[in-house]
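K.L.:
Below you'll find the structure I mean.
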Amino acid sequence: MSSSPTRQFQTPRGTRDLLPEDYDIHRHILEHAREQARLAGFGFIEPPTFEQAELFARGVGEGTDIVEKEMYIFDDRGGDRLALRPEGTASVCRVYLQHGMANLSQPVKLAYHLPIFRYERPQAGRFRQHTQFGVEAIGVRDAALDAEVIDLGWRVAESLGLTDLKILLNSIGDIQDRRAYVPLLKEHFEPHLDRIAPDDQARWDRAPMRLLDSKDDRTKPFQIGAPVITDHLRAESAAYYDAVKSHLEALGIPYEERPTLVRGLDYYTHTVFEIVPADADGSQVTVLAGGRYDGLIEQIGGPPTPGIGFGMGLERMAHHLREQGLTPDSDSATEVLIATLGDGADIAASKIAGNLRRQGVAATLAFGGRSLKAQLRQANRSGARFAVIAGVRDLAEGNVTIRDLQTSDQRQVALDAVVGELTGELASPAYTRPQD
Ligand code: ATP
Ligand code: MG
């Protein structure tokens, strides 16, 4: 009789599991991001993971990669057309409108930490589910606010210890600026249309600025020498861009102007920026990206309302921190491991472990009923500072042994004193764990 083979389940393509060591880094990044967001006056929100698909179709824009081919879209059992969130900004703008936030004092500053879903071609640094920390400052159009948001992104990176990043900055103007510029851009690409990537050929008519953002090797050679929008901004738009730069300089934030930076989403106007490794030229390395979106809220049915924000990819930031050797110490490290010797010692051992944890000490039992030698080997491997050896014979006399795992010194202490002894030792400066 043949039995059916046991199926080995795997993460869906393009997704991954965060294991404890990954999680520690994500938490570390988020702690720094939270603190910087707090200092800049942002409050956190969390919209649902799925929304009406139409929100993104209108918000992100028909004809963008995200809407055209990357959304996880489905009809629920009641027939509603829903999409897993492919980006944060449109959701946050929906929150702003739905909760009447236009009546609050402006700008309204909202931050988020959310999973994002895009049906992308999986590759290094590009997943089908990733996580973004992002911020949106809605309701004000002021160059000082643009600089403040860029500054916040820069400070998050700085506070994590990163010194090898740079800010790329551009202004992509607004619809009026583009009226003069776009025909010139189309003219530039027209003679090469049959050689650029098919997807980009289709964009040439509909969204020609996106050709400048194309990462396809067939299109890239023809990006060289293309006219740039900054040469065609109206005086008002150019002045706004200049003001953003002046504010950044006043804040001491370094930036590099990149006139070909256009970003892949429809809603951006004026200021756009990215934070990338200083030596980067690839396309999977942008850790943080954002810009101003003065038309977005209107596109999703609200009154004309300006806004600016950014999204930061936690997986990319984590990868970058790893490369730079800037990862935090593990948070889950054991401080005390409790070994047992002889039958019946385990009850006393669990009691000690429980009491230590109640005092805020990370304590673990050496499970498995192995030899004392094997248990102490485990203690050394665990990185614990101390082992407690609870032996039946000592216990009968009301004692246990504390072993210093760094010096191998051992001493006997009374059972009812062991928790106090250990908390005292661990709190003393000689035993403070190395700080991250
Ligand atoms: P890219 O040009 O790298 O595709 P994007 O323009 O699509 O990025 P945004 O939509 O602005 O990126 O998202 C903000 C940030 O989220 C990016 O800078 C990046 O750090 C991260 N990010 C975007 N897409 C992915 C993905 N598929 N996997 C992992 N991180 C991502
Ligand atoms: Mg993308």
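The values are calculated or read from the model by the stated rules, or taken from the named source; none is laboratory data. Since we're looking at a predicted model, the values are computed, not measured. Here the Cβ positions follow ideal geometry from the backbone for every residue, glycine too, while neighbour counts run over all protein chains shown.
K.L.:
Taking into account only those residues within segment 327-350 that are surrounded by 16 or more Cβ atoms within 10 Å (Cβ to Cβ) and of a type in the set (A, V, I, L, M, F, W, C), which is farthest from Val392 (Cα to Cα)?
P.N.:
Only one residue tops the list, namely Val336.
K.L.:
Also: If you go through segment 108-127 one residue at a time, how many are closer than 30 Å to Leu39 by Cα, among the aromatic types (Phe, Trp, Tyr) and within 10 Å of ligand 1 (Cβ to nearest atom)? Can you show your working first?
P.N.:
Taking segment 108-127 first, the residues closer than 30 Å to Leu39 by Cα are 108-117, 125.
From what is left, the residues that are among the aromatic types (Phe, Trp, Tyr) are 112, 117.
Pick out the ones that are also within 10 Å of ligand 1 (Cβ to nearest atom) and you get 117.
The total comes to 1.
K.L.:
May I pose another question? Among the numbered criteria (1) touching a strand residue (DSSP E or B) at 6+ places or on another chain (Cβ under 8 Å); (2) farther than 29 Å from Pro208 by Cβ, which one does Ala83 miss?
P.N.:
Going through (1) touching a strand residue (DSSP E or B) at 6+ places or on another chain (Cβ under 8 Å); (2) farther than 29 Å from Pro208 by Cβ one by one, Ala83 breaks only (2).
K.L.:
Also, quick follow-up: Step by step: first the residues of segment 59-94, then only those that are of a type in the set (S, T, N, Q) and within 16 Å of ligand 2 (Cβ to nearest atom), then the one that is surrounded by the most Cβ atoms within 10 Å (Cβ to Cβ). Which residue is that? Can you show your working first?
P.N.:
Of segment 59-94, the ones of a type in the set (S, T, N, Q) are 64, 89, 91.
Imposing the further condition that a residue be within 16 Å of ligand 2 (Cβ to nearest atom) reduces the set to 64, 89.
Working: Thr64: 23, Thr89: 28.
It comes out as Thr89.
K.L.:
Which one of Val272, Val285, Val244 is modelled with pLDDT under 95, aliphatic (A, V, I, L, M) and under 28 Å from the mean Cα position of the chain (by Cα)?
P.N.:
On the way: Val272 fails: modelled with pLDDT under 95; Val244 fails: modelled with pLDDT under 95.
Unique residue meeting the criteria: Val285.
K.L.:
Could you pull out every one of the strands (runs of 3 or more DSSP E) wholly within segment 238-325 that has 2 or more residues that are more than 12 Å from ligand 1 (Cβ to nearest atom) and surrounded by 15 or more Cβ atoms within 10 Å (Cβ to Cβ)?
P.N.:
Working: elements: 269-277, 288-292, 307-313.
By residue number, 269-277, 307-313.
K.L.:
Ok, one more. Please go through (1) closer than 30 Å to Ile29 by Cα; (2) away from ligand 2 (no atom under 16 Å from the Cβ); (3) without any contact (Cβ under 8 Å) to a residue 60 or more places away in the chain; (4) among the charged types (D, E, K, R) for Arg195 and return the number of the only condition it doesn't satisfy.
P.N.:
Result: Arg195 fails condition (1) only.
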